[in-house]
Amino acid sequence: MTIEKDPPLSAAVGAIISERRKRMGLTQAQLAEHLDITQDSLSRMEKGIIAPKFSRLQLIADTLGCSVADLFRQQDEPSEQLAKSIAEKISCLPLELQSLVIEQVESTVNTLKKISEK
């Protein structure tokens, strides 16, 4: 019987950095330059061969538009990612306007459900 282990933390963090970098349309060279490290160092970091220094985690997170905690989180389900994205987008609005957006989303979902049932 084989027991699967979670990948080492450095590999998981590296994969998240790589995924977020690609999602932002950055090359390894561009991100490495912004972090003031070599492209080779970033490549090894993304592969989990080396771990990012604690002192560099905030700069990485800021550059990739996420929190330091996000660099340690495994991939969410697509629907969870969408919900987080919507929450981030409306977070700058006052609560009453956020509620209005949610009402509009609910109305749109209900309308689309009715259309798809036909």
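The values are calculated or read from the model by the stated rules, or taken from the named source; none is laboratory data. Quick caveat: nothing in here was measured; it's all calculated off a predicted structure. Don't worry about glycine lacking a Cβ; one is built from the backbone with ideal geometry, like all the others, and counts go over all protein chains shown.
Looking at GLU33, GLU80, which is the one that is surrounded by 11 or more Cβ atoms within 10 Å (Cβ to Cβ) and among the acidic types (Asp, Glu)?
So the residue among GLU33, GLU80 that is surrounded by 11 or more Cβ atoms within 10 Å (Cβ to Cβ) and among the acidic types (Asp, Glu) is GLU33.
Filter the range 44-71 for residues that are in contact (Cβ under 8 Å) with a residue 24 or more places away in the chain, surrounded by 13 or more Cβ atoms within 10 Å (Cβ to Cβ) and either outside the structural domain of LYS22 (by the TED database) or within 18 Å of MET24 (Cα to Cα) (or both) and give the result.
The answer is MET45, GLU46, LEU59, ILE60, THR63, LEU64, CYS66, ASP70, LEU71.
Taking the condition of being over 18 Å from the mean Cα position of the chain (by Cα), over 21 Å from GLN39 (Cα atoms) and of a type in the set (A, V, I, L, M, F, W, C), how many residues in the range 50-102 meet it?
7
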